[in-house]
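Q: Below is the structure I would like to discuss, written out as structure tokens.
Nothing in this text is a laboratory measurement; each read-out follows from the coordinates by a stated rule. This is a predicted model, so every value here is computed, not measured. So basically every Cβ, Gly included, is an ideal-geometry build from the backbone, and we count neighbours across all protein chains shown.
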Amino acid sequence: MIDRATVDKIIDAANIVDVVSEFVTLRKAGVNYKGLCPFHDDKTPSFIVSPAKNICHCFACGKGGTPVSFLMDHEQITYPEALRWLASKYSIEIQERELSDEEKQEQGERESMFIVNEWAKDYFMDILNNHVDGQAIGKQYFRSRGIRDDIITKFCLGYALPKRDALSSTALAKGYKEEFLLKTGLCYKKESQYERGDGADEGAKRDARPYLVDRYSGRVIFPWFNISGRVVAFGGRLLDSRTKGVQQKYVNSPDSDIYHKERELYGLYQAKKAIVKEDCVFMVEGYTDVIAMHQCGLENVVANSGTALSMHQIRILHRFTSNIVLLYDGDEAGIHAAMRGTDMLLAEGMNIKVLLLPDGDDPDSFSRKHTAQEFKDYIGHHQTDFIQFKTDQLLKGVTDPIKRSEAISSIVKSVSVIPDQITRDTYLRECTIRLQMNEQTLISTMNRFIRDGKEEKEKEREREGRRNSSNAPQHNEGGGQMPPEELMDMPPGERQYAIGLHTAEEQASEVERMLIQSVIRHGEAIIFEGLETEDGQAISLSVAQYIDYDLSQDGLQFRSPLYNQILAEAVGRCSDEGFRAEQYFVHHPDVQISQLASRLAIDNYQLGRGFEIKSKDGDLRQRVIHLILDFRKDIIAQRLKAIQDELRQAGNNMDRIKQLMIEHKNTQQLRDALAKKLGNEVFT
């Protein structure tokens with residue numbers, strides 16, 4: 001457990017710009033910063049970070065919050081884990097007590113998998129550096145590949161002993177559960193020979209059980225880190241002496257709750273700062289390619305490790321830079337790898353260059369033949385844009401008119417997916433010159449591809465619409481609506497939190513939202529001074545106190561329980577010395593309240609400091625009064641509608657009709673009086 005004083009210290013130290021910049025490239029925009037939202041497919045920056053308020057918010061998907069809540073959402077971690085992450089970043093020491101056995105059992109499965117992986121990483125490193133076989137075999141292998149000791153340490157490289165149960169037996173002896181050794185993929189179960197029916201007496205067969213086998217035994221180890229530096233998986237490579245005739249040199253972790261290969265990039269954690277600094281990323285194929293480039297001083301490099309680039313990987317990179325260089329070996333496989341990712345990168349607005357190394361070299365082998373400076377010089381002088389690359393590859397030696405036509409169509413189709421029209425037209429003009437084609441013909445072809453793409457997207461939207469209509473929200477037993485399907489697909493904890501916000505927003509009207517926004521932003525501000533009570537005492541009322549007082553006169557409440565909770569807490573805290581409503585609610589321990597406060601505390605459009613309008617106390621008072629009157633008017637309008645509905649259902653019940661007509665008349669008079677107040681009294 002982390003004590004309250006340390007929590008406060010961590011929260012005070014956490015800077016939202018520093019934290020978000022670890023995951024998103026930010027650009028200055030007036031008094032705020034902007035970037036691509038890390039929570040949804042964002043092609044136009046809609047993620048606002050406010051250093052003044054120390055919060056962030058996406059105006060497209062609604063995600064954001066404080067440094068703590070941002071980390072919880074982005075990294076899918078708990079509140080204490082987010083605090084520890086910030087404590088580590090700002091070098092704040094945390095004194096924690098030892099967890100009891102019951103508390104250890106309550107730790108989430110996901111966190112347990114991270115813990116096991118972290119231990120395994122340290123175990124493999126210890127074997128490499130301190131075990132006689134690790135030094136003689138594992139470390140010698142890395143040195144034979146020219147990998148320096150500092151790079152070995154930087155990437156936490158390790159070695160697994162050849163014994164098939166070396167890791168599993170050590171882990172079990174230290175108290176790590178078999179369940180998580182299996183779920184992380186560090187081990188797998190193998191049937192005993194007796195269970196397969198091999199010769200043995202019946203008693204031996206009954207006693208035999210499946211046993212644990214280390215997945216990476218006898219291999220050198222490459223840990224995979226996620227974007228925040230947690231170990232999510234491992235790659236293990238057979239040593240050179242064992243790879244002859246073996247098709248699978250590498251064994252990687254299977255997909256798990258914490259690792260999905262299409263969502264991770266090897267080396268991103270070590271590269272992210274260099275990517276932002278250089279505003280460019282190199283994409284290579286394998287682990288050793290990444291390591292070789294780091295040794296040459298090129299740190300802005302990641303690998304997709306032989307799998308096809310996924311949209312998720314591209315969008316992660318796009319948060320840090322729009323410029324990517326595909327750096328592959330010049331054989332057929334390398335050319336194919338460069339080709340297959342081009343259109344996806346272009347569609348996401350990335351600027352692509354391609355570099356194929358000579359003589360079938362990959363970055364690892366090329367770096368061992370040349371000095372670091374020669375490697376850098378070669379990269380700097382041999383990059384080509386994707387149009388030239390694709391033209392050279394598809395039209396090389398092609399004389400058949402049909403094949404040439406197909407190649408040109410493929411090139412134009414790649415151009416057609418570029419979202420920016422100016423970039424698209426520029427590339428098309430280059431194609432006209434390089435392909436020696438009529439420009440109008442290429443334009444016509446490109447427009448056809450664009451039109452076909454839009455039609456396909458429209459069909460997909462229609463299919464999605466039909467799926468959504470068939471899964472329309474259903475009423476639950478309590479009379480409310482079931483949340484949308486995408487909320488039900490979330491993990492239980494996240495779903496409960498998201499449904500709470502979803503319900504609060506559904507229940508509240510726009511006027512209620514503006515009132516609670518006033519409470520969050522200015523709840524402690526005094527707007528009435530020296531008011532005389534019935535017993536002759538002079539009192540002052542803050543925004544929160546006045547709203548609560550006015551509504552309570554007629555027993556009125558907000559429709560959203562979350563809003564009522566915020567108002568009640570603001571009223572209760574207003575007398576506390578130093579209370580600031582916005583700071584209090586933005587950092588509220590209830591994640592729903594913190595998220596809502598962050599959303600309402602930041603404006604979509606903000607003026608620069610030179611253009612800011614300074615509001616006066618009188619302006620705030622009149623705004624609050626006006627909103628309360630609007631709130632009352634909405635309630636009266638709803639009541640008038642309800643009376644009209646009851647009149648239609650009254651049938652021939654004259655007594656009931658007469659009663660409703662009188663109520664309708666009185667309600668109309670009240671509405672007219674309020675309208676007069678809204679038109680005259682508030683602004684006099």
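Q: Pull out the extension gain between Arg27 and Lys641, defined as 0.36 nm times the separation in residues minus the alpha carbon to alpha carbon distance; nm, one decimal. Walk me through the numbers before you get to the answer.
A: Values: separation 614, 0.36 × 614 = 221.04 nm, distance 4.95 nm.
Length gained, Arg27 through Lys641: 216.1 nm.
Q: Report the label-to-label distance for Gln583 and Asp619 in nanometres (one decimal), using points 7 Å from each Cα along the Cα→Cβ vector.
A: The modelled label-to-label distance comes out at 2.3 nm.
Q: Using the per-residue mean of other Cβ atoms lying within 10 Å as a proxy for protection, in what order, highest first, do the peptides 311-318, 634-641, 108-115 fall? Let's see the in-between values first.
A: Numbers: 311-318: 18.5, 634-641: 14.1, 108-115: 17.0.
Result, highest mean Cβ count within 10 Å first: 311-318, 108-115, 634-641.
Q: With r as the distance between the Cβ atoms of Asp425 and Ser228 and R0 = 51 Å, compute the FRET efficiency 1/(1 + (r/R0)^6) and round to 0.05.
A: Numbers: r = 40 Å, r/R0 = 0.79.
Using R0 = 51 Å, I get an efficiency of 0.80.
Q: Report, ordered by chain and residue number, the lysines lying within cross-link reach of Lys53, taken as a straight Cα distance under 21 Å and ignoring same-chain residues fewer than 8 apart.
A: Lys53 reaches Lys9, Lys28, Lys34, Lys63, Lys89, Lys614, Lys616.
Q: Based on the Cβ-Cβ distance of Arg451 and Lys177, what FRET efficiency does E = 1/(1 + (r/R0)^6) give at R0 = 56 Å, to the nearest 0.05? Don't jump to the answer; show the numbers that get you there.
A: On the way: r = 57 Å, r/R0 = 1.01.
E between Arg451 and Lys177, to the nearest 0.05, is 0.50.
Q: Next question. What is the list of residues in region 314-354 whose amide nitrogen lies under 17 Å from a point 7 angstrom out from the Cα of His260, following Cα to Cβ?
A: From region 314-354, the list is 314-317.
Q: Given R₀ = 45 Å, what would the calculated FRET efficiency be for Val213 paired with Thr371, taking r from the Cβ atoms and rounding to 0.05? Each step should come with its number before you reach the end.
A: Values: r = 43 Å, r/R0 = 0.96.
Calculated transfer efficiency: 0.55.
Q: Among 63-75, 47-59, how do they line up by average Cβ neighbours within 10 Å per residue, starting with the highest? The partial results should precede the final answer.
A: Working: 63-75: 22.9, 47-59: 21.0.
Sorting 63-75, 47-59 by mean packing, highest first, produces 63-75, 47-59.
Q: Which of Lys413/Lys457; Lys272/Lys457; Lys163/Lys189; Lys249/Lys390; Lys183/Lys272; Lys272/Lys353 have a Cα-Cα distance over 21 Å?
A: Exceeds cut-off: Lys272/Lys457; Lys249/Lys390; Lys183/Lys272.
Q: On a full-extension model of 0.36 nm per residue, what is the gain between Asp634 and Arg434, subtracting their alpha-carbon distance, rounded to one decimal in nm?
A: 65.4 nm
Q: Taking 7 Å along the Cα-to-C-beta vector as the label spot, tell me the Thr307-Ile335 distance in nanometres, rounded to one decimal.
A: Each label point lies 7 Å from its Cα, and together they span 2.7 nm.
Q: Starting from the Cα of Ile657, step 7 Å along the direction of its Cβ; do the same at Glu458; then give the gap between the two resulting points in nm.
A: About 5.3 nm, to one decimal.
Q: From a point 7 Å beyond the Cα of Asn666 in the direction of its Cβ, which residues of region 551-578 have a backbone N at a distance under 19 Å?
A: Those under the cut-off are 553-556.
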